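Heads up, the thing below is written out as structure tokens.
The values are calculated or read from the model by the stated rules, or taken from the named source; none is laboratory data. Since we're looking at a predicted model, the values are computed, not measured. Reconstructed Cβ throughout: ideal geometry from the backbone, glycine too, with neighbour counts over all protein chains shown.
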């Protein structure tokens, strides 16, 4: 039994992991210093979700992938220049903050509304994908709330593998404690899958896919409606960088035997 | 005064795991009226084990349908318990089972959720939580006005509750399940064989292997088999848990030589885990920020790297050995083996 899936990937942008981040206090609460100047990437676990979505869509004819993203649209446009070359998708953009200090419930409301507004969405075919946690808020909360708002109660988090069985059911591997996976069988869509790393490598850039995507991405960015997403009801008493900077002792020119003895004493001590 | 509900699921042995007792200890530190909410096949034995915790009442959802860690049934049970308890604050351990559902439960209850909480406290007489943002790069203390407030406490942050056992009076909460709740079935757990299991959350030491292990060495050749033996021997001799840098596990996608026992589950850092161990030893890894954010909760840190100016040297490790990890680890294993045979 083959279903043409409608795969909606939710995800935003985050500062490039190599950037040094520093919190500042703004009028609306905490923010990142020079946030708009920091180079951004698509949230890493969202990237995996997108690649898995594209792979599933390719292997099930008639399927389609949407990427629904709340982010400042100028920065989202920059990120799309790269990510659009990786996989075919249609962008649904919402012009709003991508800060980790905003509230998951508010972001989830906006995302759910954007998903509901996608023309022709048939919930019997819908799979909602996303990262199981973001690299900004890192709460793993938004996807569950989006699912609840869409009435989807088959939800999976920390997903590393999705297999479509011959009868249309889904076998899903989720990360659990101790380096293990929980295996579940779900009757079929609709379902929410918060992806961990998945099992696919990052696809190479494909300029043809990029050009095809960008034809629709630019109008989608122009259509992006502004959304007010804050952290209503939250008071941040403090936001600080870790205080502990270690005094690193650098051991140079010591013979391996001596280093080994020191390490063994430390490990077994 | 807050009514604080501790949510816990019982384990296969019918009792509560350590993270649940940690959540109980955290809840008690806030004062207020304490209610215990338990979910599982039979929750009475678990309630009896914590009968002396001072809870005003024990409520539970029990039955075969609630043994599975399944979103639909867990969310229904948790929401029903929260309503029965009249909870304003709900504290649960951030296990994979609760991590899967708590935000959805918050949505159902019209509340808010904070996950990966590392501490709870009272600030000006009201609950406050501590959690990290941007993958352990900055730490915040925050409070909320919305109720119910669901709090998922990371394991290992609080000493577990200890106290008297007894006979708890348990109030059963009914949850009406339909076929829609059972569209998903948990069919099992997939785990490596015991001897191949390299992720050991309770280990005293985290051993992290970086991409350098599979790169060309001084002789211009790679030595992947030797690297594999050195690492696995060390794990066997010390019982350490194995972590890796992203670059090492991603090599498999690039068609390069790989360490066959290494998977994404071993990955530490920006897109990996942030484990808690008393000590950590990093090898053949440059110690840059995306990797070391995963070391936030490693107390004592040492690193072996050929580059004395690598990231570890910039305040991230206590000791950096500028040396060849192949040579050093071979000697380390020799010494550990000799020590074991004595």
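Quick notes on this structure:
- Among all residues of the stretch A:196-203, there is none that is assigned to a loop (DSSP other than H, G, I, E, B), in contact (Cβ under 8 Å) with a residue 60 or more places away in the chain, facing another protein chain (nearest Cβ under 9 Å) and farther than 30 Å from residue A:81 by Cβ.
- Those helices (runs of 4 or more DSSP H) of the stretch B:13-91 in which at least 3 residues are in contact with a helix residue (DSSP H, G or I) (Cβ under 7 Å, 6 or more places away or on another chain) and under 30 Å from residue B:188 (Cβ atoms), considering only elements entirely within it, cover B:71-85.
- Count of the stretch A:88-111 residues which are outside any strand (DSSP E or B), touching a helix residue (DSSP H, G or I) at 6+ places or on another chain (Cβ under 8 Å) and surrounded by fewer than 23 Cβ atoms within 10 Å (Cβ to Cβ): 2
- Only a single criterion out of (1) more than 17 Å from residue A:264 (Cα to Cα); (2) in contact with a helix residue (DSSP H, G or I) (Cβ under 7 Å, 6 or more places away or on another chain); (3) facing chain A (nearest Cβ under 9 Å) is not satisfied by residue B:293, namely (2).
- Candidate set: the stretch A:77-86, residues that are in a loop (DSSP other than H, G, I, E, B) and surrounded by fewer than 23 Cβ atoms within 10 Å (Cβ to Cβ); chosen: the one farthest from the other protein chains (Cβ to nearest Cβ): A:85
- Which listed residue, of A:207, A:255, is farther than 25 Å from residue A:115 by Cβ and within 9 Å of chain B (Cβ to nearest Cβ): A:255
- Any chance residue B:239 is on the phi > 0 side of the Ramachandran plot and at the interface with chain A (Cβ under 8 Å from one of its Cβ atoms): no
- Number of residues in the stretch B:107-127 that are over 21 Å from the mean Cα position of the chain (by Cα) and either within 8 Å of another protein chain (Cβ to nearest Cβ) or assigned to a helix (DSSP H, G or I) (or both) equals 5.
- Any hit, the stretch B:164-171, residues being out of contact with any helix residue (DSSP H, G or I) (no Cβ under 6 Å at 6 or more places or on another chain), touching a residue at least 12 places away in the same chain (Cβ under 8 Å) and crowded, with 17+ Cβ neighbours inside 10 Å: no
- Where a residue in the stretch B:18-30 is in the same structural domain as residue B:53 (by TED's automatic domain parsing) and its partner, wherever it lies, is crowded, with 21+ Cβ neighbours inside 10 Å and part of a helix (DSSP H, G or I), with Cβ under 8 Å and at least six apart: B:24/B:53; B:28/B:53
- When residues of the stretch B:238-265 are limited to those that are within 22 Å of residue B:276 (Cβ to Cβ) and assigned to a helix (DSSP H, G or I), the one modelled with the highest pLDDT: B:238
- Scanning the stretch B:304-323 for residues being out of contact with any strand residue (DSSP E or B) (no Cβ under 8 Å at 6 or more places or on another chain) and surrounded by fewer than 21 Cβ atoms within 10 Å (Cβ to Cβ) gives a total of 3.
- Within the stretch A:151-187, the set of residues being more than 9 Å from chain B (Cβ to nearest Cβ), touching a residue at least 24 places away in the same chain (Cβ under 8 Å) and surrounded by fewer than 20 Cβ atoms within 10 Å (Cβ to Cβ) comprises A:151, A:161, A:164, A:166, A:167, A:168.
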